[in-house]
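Questions regarding the structure given below will be posed in turn.
Only the coordinates and a few stated rules stand behind these numbers; no lab work does. Since we're looking at a predicted model, the values are computed, not measured. So basically every Cβ, Gly included, is an ideal-geometry build from the backbone, and we count neighbours across all protein chains shown.
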Amino acid sequence: MPELITEAIVLRRTDYRDADRIIALFSPDHGRLDVMARGVRKPSARLKAACEPFATGTFHIQTAGGRAALIGFTLSEGFFPLRRSYERLTQASYALGACLSAAQPGKPSPELFSLLQLTLARLAYTEQPGENLLVRFLLSFAAYEGLAPSLDACAICGKAVNAGPIRFSSDEGGVCHASCAPFGVPLSAGALEYLRGARHGLDAEADDDAPNTADGLRVMRGFIEANLGGRIKAGELL
Ligand SMILES: [Zn+2]
């Protein structure tokens, strides 16, 4: 039977029957793969580690008749320190949830895979504030998915947004003058400056004061969830 060997990360696991699990994998080369892992809930199961959310490594998958079954796994990274902080675990799960909403079977996404790995590594192994990491992840994620929010020009009138009261409208696609979108979410000039810097990656210069990152996270979560058609349920992944 044909065998697929690929690097991937576990985005979600779902119990199936008495002792099985179905794992949703995200592979940089193959996009989303849903794979049956038989017998992995038995205490002595050899492939138990292949079914933990965040587990990254080389998966050996047997494919036949449109079905995929896990037959081997080598762990390269489990991001275990994430489990020490509920807050960081929730932020990491949110990043997984975003990828689960975006990953499609057969669609290679090496950039998004690398971004996810780097974000999880920072959350697990550094002291970098988690909110800041998640905002930066979501900005790059949106750009890769072709839904980057407008942060320079007003999403309604197209003119530059600099001075004066600012709003953010997920429906309109980004920042707006308060006069153009009075019902948008108010956004401070500092938070907008922060978002403009943070969109250039995890290490780009940005004014990441805590109030700015909190505001930035609030609008980016709303924006991503509006665009992906529903809330990303981080809690379900744990
Ligand atoms: Zn405007």
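Starting from the Cα of R17, step 7 Å toward the Cβ, then list every residue of the stretch 50-74 with an amide N under 16 Å from that point.
Flagged as within label range: 62, 64, 67-71.
Under a plain spin-label model, where a point goes 7 Å from the Cα along Cα-to-Cβ, how far apart in nm are Y144 and S44?
4.0
Which value at 222 nm does the chain reach when only helices count, each DSSP H run of 4 or more adding -39,500 (n - 2.57), with the total divided by all residues and rounded to the nearest 500 deg cm²/dmol? List each step's numbers first, then the result.
On the way: 5 runs with 76 residues, N = 238.
One gets -10500 deg cm²/dmol as the mean residue ellipticity at 222 nm.
Calculate the dipole size of the stretch 82-237 relative to its Cα centre from +1 charges on Lys and Arg beta carbons and -1 charges on Asp and Glu beta carbons; express the result in debye to the nearest 20. Present the calculation step by step, with values, prior to reporting the outcome.
Working: 14 positive and 17 negative charges, 83 e Å.
Here the size comes out at about 400 debye.
I'd like to know how the chain sits against the 2.2 N^0.38 Å rule of thumb: what's its Cα Rg over that expected value?
Values: Rg = 19.6 Å, N = 238, 2.2 N^0.38 = 17.6 Å.
Taking N as the residue count of the chain, the ratio is 1.11.
Rank G216, A148, S27 by how far each Cα sits towards the positive end of the charge dipole of the chain (+1 on Lys, Arg Cβ; -1 on Asp, Glu Cβ) and give me just the farthest.
The residue sitting farthest along the positive end of the dipole is S27.
Would you calculate the separation in nanometres between label points at A163 and L4, each defined as 7 Å from the Cα along the Cα-to-beta-carbon direction?
Result: 5.6 nm between the two label points.
Quote to one decimal, in nm, the extra length available between F183 and Q104 on full extension: 0.36 nm per residue of separation minus the C-alpha distance between them.
That pair, F183 and Q104, stretches by 25.0 nm at full extension.
Let me ask something else about it. Could you list which residues have their amide H under 5 Å from that of Y16, counting only those 5 or more apart in sequence or on another chain, with H placed in the peptide plane?
For Y16, the qualifying residues are R21, I22.
Label-point separation (nm) for S114 and E87, each offset 7 Å from Cα along Cα-to-Cβ?
Using points 7 Å along Cα→Cβ, the separation is 3.0 nm.
Where in the chain are the DSSP H helices whose alpha-carbon span along the long axis reaches 18 Å or more and whose Kyte-Doolittle mean is at least -0.5? Mind dumping the intermediate values first?
Values: long enough: 86-102 (24 Å, 0.25); 110-125 (22 Å, 0.83); 130-144 (21 Å, 0.97); 210-227 (25 Å, -0.19).
Result, helices passing both filters: 86-102, 110-125, 130-144, 210-227.
If amide H atoms are built 1.01 Å from N in the plane of the peptide, which residues on other chains or at least 5 residues away come under 5 Å of the amide H of C154?
The list, which skips near neighbours in sequence, is K159, A160, V161.
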